[in-house]
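One structure is given here, and the rest of the page talks about it.
The values are calculated or read from the model by the stated rules, or taken from the named source; none is laboratory data. Everything quoted here is computed from the prediction, not taken from an experiment. Using ideal geometry, Cβ is built from the backbone for each residue, glycine included, and neighbour counts are taken over all protein chains shown. Surface areas here come from the heavy atoms of the whole protein model, side chains and all, with no ligands, DNA or RNA. Shrake-Rupley method; radii C 1.70, N 1.55, O 1.52, S 1.80 Å.
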Amino acid sequence: MELRSWIGLTPEGLLETHVAARQSMRDAPLPDGVEDPGYSVEQHEAIEAASIARGRPPRVTVALEKGEIVAFTDLRVSAPPSPVALTDDTATLPRARRRGLSTAVKLEALRRLRDERPDVRVVVTFNAEQNTAMRAVNTKLGFVPVATFTSTVLEP
């Protein structure tokens with residue numbers, strides 16, 4: 001297993017496997033009534049482009065096995081000085097779970113952020129209450145709950 005990080009667009013040769021890794025989030029627990037619409041290469045490229053245009057390029061860290069992304073996390077942070085960063089998504093392919101890969105990629109991403117962006121003092125993350133696996137990863141890394149968000153599903 002190899003950890004690899006980048007800022008900005010997904011490197012050539014990793015786009016399809018990055019999208020596949022993001023698709024692994026589809027089985028994450030969600031609040032009742034919330035559905036995951038899926039994820040495509042086109043959506044991925046549009047999100048990257050929009051993030052870069054806003055001056056908040058994705059800061060991605062992945063775990064690679066045989067050239068395939070099996071876990072990833074990404075952070076968003078504005079240009080310096082910016083004291084707050086946001087973790088966007090973190091996931092591991094189902095076949096690679098329970099090996100600590102989500103923890104490994106998230107820890108490496110946070111280490112790199114600390115070393116490269118000393119202006120960042122706070123990192124925010126959001127999780128569905130039902131997602132006990134990711135909540136455990138975040139607790140292990142020192143995140144603490146500070147707010148609860150609620151949602152509702154509007155029927156047509």
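Averaged per residue, region 32-156 has 61 square angstrom of accessible surface, using a 1.4 angstrom probe with ligands and nucleic acids left out. Return the label of the correct value of Rg/Rh (Cα atoms, Kirkwood Rh), as calculated from the structure shown, out of (i) 0.95; (ii) 1.01; (iii) 0.98. Among (i) 0.95; (ii) 1.01; (iii) 0.98, the one calculated here is (i).
Positive contributions from Lys and Arg (+1) and negative ones from Asp and Glu (-1), summed over other residues with Cβ under 9 Å from the Cβ of G8, come out at 0. How much mean residue ellipticity at 222 nm does the chain get from its helices, if each DSSP H run of length 4 or more adds -39500 (n - 2.57) and you divide by all residues, to the nearest 500 deg cm²/dmol? Rounded to the nearest 500, the figure is -9500 deg cm²/dmol.
If only the Cβ of Lys and Arg carry +1 and only the Cβ of Asp and Glu carry -1, the dipole of the chain around its Cα centre is close to 760 debye. Is region 98-141 rounded, prolate or oblate when judged by the Cα gyration tensor, a ≥ b ≥ c being the square roots of its eigenvalues, rounded requiring a/c under 1.5 and prolate requiring a/b larger than b/c? Since a/c reaches 1.5 but b/c is at least a/b, the shape of region 98-141 is classed as oblate. Here the peptides 132-142, 88-98 are ranked by packing, the mean other Cβ count within 10 Å, and the order with the highest first is 88-98, 132-142.
Quick check: at a probe of 1.4 Å, how many percent of the accessible area of the chain sits on carbon and sulfur atoms? Carbon and sulfur atoms account for 56 percent of the accessible area of the chain. Karplus-derived 3J(HN,Hα) values for region 85-98, using 6.51 cos²θ - 1.76 cosθ + 1.60 with θ = phi - 60°, are 10, 10, 7, 8, 10, 9, 7, 10, 4, x, 6, 10, 6, 6 Hz; glycine and proline are entered as x.
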